[in-house]
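The values are calculated or read from the model by the stated rules, or taken from the named source; none is laboratory data. All values derive from a computational prediction rather than experimental measurement. Quick reminder, even Gly has a Cβ in these numbers, built from the backbone with ideal geometry, and neighbours come from all protein chains shown.
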Amino acid sequence: MKKISMFLVAVSLTTAAFSQSEKYTKAMESNIAKLDSSTSPQAWADLANSFQRIAEAEKTQWLPYYYAALANVMNGYMLSAGGTGIADKTDPLAAKAEELVNKADALNKDNSDIYCLKKMIATLKMMGDPMSRYQTEGPNAQAALDKAKALNPENPRIYLLEGQDKFYTPEQFGGSKTEAKTLFEQSLKKFAAEKPESSIHPHWGKNQVEYFLSQLK
């Protein structure tokens, strides 16, 4: 009888854990589906808050922290769309994203996508005040991207970020639309070959690549 009771307890605990895991996955999938449709600062702010709530409930999972950080960065990028030098608005978002990505990094060391995100955070910091921050945040961004590539050269988001840098940088400072197109094409090929570990692991960016390529025809 005692063995039967222990068995029932074990089954109950396993079922509860599975249910919780399923709930977590569905919540993540629901939010991840909004990545490509978020086109305003407020939409990204709402998404960041949603991912952070999941992170606070699932403190051992790195992905909610990662996506919450990503949403904060994208919010900052959207705010910077009208021009740079708005550090009062973008710096708090960069700081929040950095806090969150560090938590993701602590849970999952040496992850290429985490380093891509660190690159994006350094870029956001630089955009807040390019003239005074280029010499510090520029190298930080490059070092993070180099690390991402060393960890996984097949990560398509690396080439998306490199392409964006070439696309937006003036030619006199090393930018090139031709080189950007080559990088975006390389990224697209790697997206075609990418096999994410699960439905909630990073696989964003393809739509962005296709957009940039449409601008370079």
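Mind listing just one residue for me: the one in region 152-175 that is of a type in the set (A, V, I, L, M, F, W, C) and surrounded by 14 or more Cβ atoms within 10 Å (Cβ to Cβ) and, of those, nearest to LYS109 (Cα to Cα)? Working first, answer last.
Filtering region 152-175 down to residues of a type in the set (A, V, I, L, M, F, W, C) leaves 158, 160-161, 167, 173.
Those left that are additionally surrounded by 14 or more Cβ atoms within 10 Å (Cβ to Cβ): 158, 160-161, 167.
On the way: ILE158: 18, LEU160: 22, LEU161: 21, PHE167: 31 Å.
Applying the filter and picking the extreme gives ILE158.
Provide a single number: the residues in region 35-54 that are closer than 17 Å to SER199 by Cα and either at pLDDT 95 or above or touching a Lys or Arg at 6+ places or on another chain (Cβ under 8 Å) (or both).
Going residue by residue through region 35-54, those that are closer than 17 Å to SER199 by Cα are 35-36, 51, 54.
Next, from what is left, pick out any that are either at pLDDT 95 or above or touching a Lys or Arg at 6+ places or on another chain (Cβ under 8 Å) (or both): 51, 54.
Qualifying residue count, region 35-54: 2.
In region 74-99, what residues are farther than 19 Å from LYS147 by Cα, aliphatic (A, V, I, L, M) and touching a helix residue (DSSP H, G or I) at 6+ places or on another chain (Cβ under 6 Å)? Scanning region 74-99 gives MET74, MET78, LEU79, ALA87, LEU93, ALA94. When you look at GLY163, is it of a type in the set (Gly, Ala, Ser) and modelled with pLDDT under 95, yes or no? Criteria not met by GLY163. Inspect all residues belonging to region 149-160 and state whether any of them is closer than 20 Å to PHE212 by Cα, small (Gly, Ala, Ser) and modelled with pLDDT of 95 or more. Looking through region 149-160, none of the residues is closer than 20 Å to PHE212 by Cα, small (Gly, Ala, Ser) and modelled with pLDDT of 95 or more. Where helices (runs of 4 or more DSSP H) fall wholly inside region 93-168, the ranges with 2 or more residues that are closer than 24 Å to ALA45 by Cβ and outside the structural domain of SER187 (by TED's automatic domain parsing) are 112-128, 130-151. Scanning region 30-71 for residues that are of a type in the set (Gly, Ala, Ser), assigned to a helix (DSSP H, G or I) and in contact with an Asp or Glu (Cβ under 9 Å, 6 or more places away or on another chain) gives ALA69, ALA71.
Restricting attention to region 64-122, the residues being within 18 Å of ALA143 (Cβ to Cβ) and polar (S, T, N, Q) number 3.
Could you check region 77-102 and list, in sequence order, the residues that are buried (at least 18 other Cβ atoms within 10 Å of the Cβ) and of a type in the set (D, E, K, R)? Passing the criteria: LYS96, GLU98. In the set SER198, SER214, only one residue is more than 25 Å from LYS125 (Cα to Cα) and assigned to a loop (DSSP other than H, G, I, E, B); that residue is SER198.
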